[in-house]
Structure formats: C-alpha cells, structure tokens
Amino acid sequence: MSEAEAALHAWDSFYVIMGSSAAALTGLMFVVVSLMPEAGARLRARQQTISAFATPTVMHLCAALLVAAILTAPWRAMGSTGVAITATGLGGMIYGAIVLRRVRGQDDYKPVAEDWTWHVFLPLVAYAVLLAAGLFLAAHPRGALFGTGGATLMLLFIGIHNAWDTVMYITITGLPEPETRPAKAPGKAPVAEAPASGEPPHSVRP
C-alpha cells in the first residue's frame with residue numbers, strides 16, 4: 001500500500017458517513033421541492049427564489065458527496081487527489097459568487113443576517129478551505145486531509161440547516177388561511193319569506 005493509499009484509508013469510515021448522509025439529504029430536498037406547489041395558495045416562490053435558496057442547498061450536499069467519492073477512490077498519488085479537491089473548491093467558490101448574485105437579484109424574500117451567513121458566507125468559506133486543502137495536499141497531507149474533512153462536514157451542516165430552513169418556510173408560509181364563517185345569533189331561527197298569496201310567514205326549523 002502506497003503512502004497516499006495509507007493516508008486516505010484512515011478516512012474511509014468518515015467519508016462513508018459523509019457521503020451517505022449527503023446523498024440522503026439530497027433526496028430529501030427533492031421531496032421538499034416537489035411539495036412546494038401543494039403548500040397552499042399563499043406560497044408564491046418564483047424561479048429566482050428557488051435558484052437562490054433551494055438549488056444551492058442541493059449543490060452543497062452534492063459537493064460533500066463528490067468530496068467523499070474523491071477521497072474514497074483508489075488514488076496512488078496525492079497530487080492527483082489534490083487536483084480533484086482543488087477543482088471542487090474552485091468550482092464551489094465560482095458557484096458561491098453566482099448564488100450571491102441570485103440572492104441579491106431576487107425580490108420575493110428579503111434575506112436577514114442569518115440567511116447571508118448560511119446561504120452565502122459559510123459556503124464560500126467551506127469551498128475556500130477545500131481549495132487550499134487541495135493545493136497543499138501533496139506537501140502536507142495530514143493537515144490538508146483534516147482541512148478537507150472539516151470543509152466537507154461544514155457543507156453537510158450547511159445543507160442540513162438550509163434544508164430545514166426551507167421546510168419551515170414552506171410549512172409556515174404555505175399554511176392556508178382559516179375560513180371565517182358568520183356566527184349565528186343564538187336562540188333565533190331563520191324566518192321564511194312571505195308567500196305570494198299573502199299568508200303569514202312560517203318559522204323554519206334550523
């Protein structure tokens with residue numbers, strides 16, 4: 001077993017957990033998005049809002065799954081592994097800039113500080129760590145592997161938080177407004193209209 005294989009083998013169990021969790025949560029997001037049209041008449045999420053908040057959550061979970069797949073592959077040299085991780089981090093940062101533009105461009109929902117943190121800032125940090133870890137993986141494998149593991153775990157937590165946020169938004173915003181019915185006056189029965197023959201009206205039982 002080569003040095004690269006030995007170093008990566010120690011992380012096998014970690015990335016099996018990360019990959020299976022990311023795959024399961026990705027499937028959950030598909031279920032959540034499929035329920036959006038049925039959430040009620042008050043829910044009016046447009047494509048811009050979905051692209052700014054729901055789609056990036058799926059992409060972050062897929063990125064965690066991709067990193068897990070890369071680091072459990074049978075690599076024979078750390079340099080090749082580092083190139084793959086660097087490309088993932090760079091692609092994630094580019095996508096993070098696109099998400100930032102989408103969040104600022106949509107007008108259905110006004111983001112608060114928590115939204116900027118979880119949907120924009122933390123994903124960019126995670127992808128930047130992946131980028132740096134990939135660059136230093138061949139020279140400093142131990143530290144770089146811990147950085148890669150931390151960034152992958154951060155992406156998984158971001159996906160969990162944002163998926164829960166989406167579910168809660170759909171649940172609360174999509175609740176139909178309760179129907180309001182006029183209350184009946186107690187002890188009074190409706191009275192029928194007077195017939196055309198001029199006879200007195202008769203009380204109608206409720």
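The values are calculated or read from the model by the stated rules, or taken from the named source; none is laboratory data. If you're wondering where the values come from, they're calculated on a predicted model, not measured in any experiment. A quick note on method: Cβ atoms are made from the backbone with ideal geometry, for glycine too, and the neighbour counts reach across all protein chains shown.
Residue by residue through the range 42-96, note down the ones that are buried (at least 21 other Cβ atoms within 10 Å of the Cβ), more than 25 Å from GLY147 (Cα to Cα) and not aliphatic (A, V, I, L, M). Listed by number, the list holds a single entry, PHE53.
Scan the range 89-108 and give yes if some residue there is over 24 Å from the mean Cα position of the chain (by Cα) and without any contact (Cβ under 8 Å) to a residue 12 or more places away in the chain, otherwise no.
No: zero hits.
When the range 112-124 is filtered for residues that are assigned to a helix (DSSP H, G or I), of a type in the set (A, V, I, L, M) and surrounded by fewer than 17 Cβ atoms within 10 Å (Cβ to Cβ), the ones remaining, listed by number, are ALA113, LEU124.
Within the group ALA151, ALA139, ALA133, ALA128, which residue is of a type in the set (Gly, Ala, Ser) and surrounded by fewer than 16 Cβ atoms within 10 Å (Cβ to Cβ)?
Numbers: ALA151 fails: surrounded by fewer than 16 Cβ atoms within 10 Å (Cβ to Cβ); ALA133 fails: surrounded by fewer than 16 Cβ atoms within 10 Å (Cβ to Cβ); ALA128 fails: surrounded by fewer than 16 Cβ atoms within 10 Å (Cβ to Cβ).
From the options ALA151, ALA139, ALA133, ALA128, the qualifying one is ALA139.
Within the range 118-176, if we keep just the residues that are polar (S, T, N, Q) and modelled with pLDDT of 95 or more, the residue that is nearest to TYR95 (Cα to Cα) turns out to be THR152.
Scoring PRO111 on the criteria (1) over 17 Å from the mean Cα position of the chain (by Cα); (2) more than 27 Å from GLY19 (Cβ to Cβ); (3) of a type outside the set (Gly, Ala, Ser) leaves a single failure, condition (1). Residue count for the range 136-159, restricted to those that are in a helix (DSSP H, G or I) and either free of Cβ contacts under 8 Å to residues at least 12 places away in the same chain or over 21 Å from PHE14 (Cβ atoms) (or both): 3.
Go through the range 55-76 and give me each residue that's assigned to a helix (DSSP H, G or I) and under 24 Å from ALA138 (Cβ atoms). Write out each step before concluding.
Within the range 55-76, the first condition is being assigned to a helix (DSSP H, G or I), and the residues that meet it are 55-71.
Across the range 55-76, the qualifying residues are ALA63, ALA64, LEU65, LEU66, VAL67, ALA68, ALA69, ILE70, LEU71.
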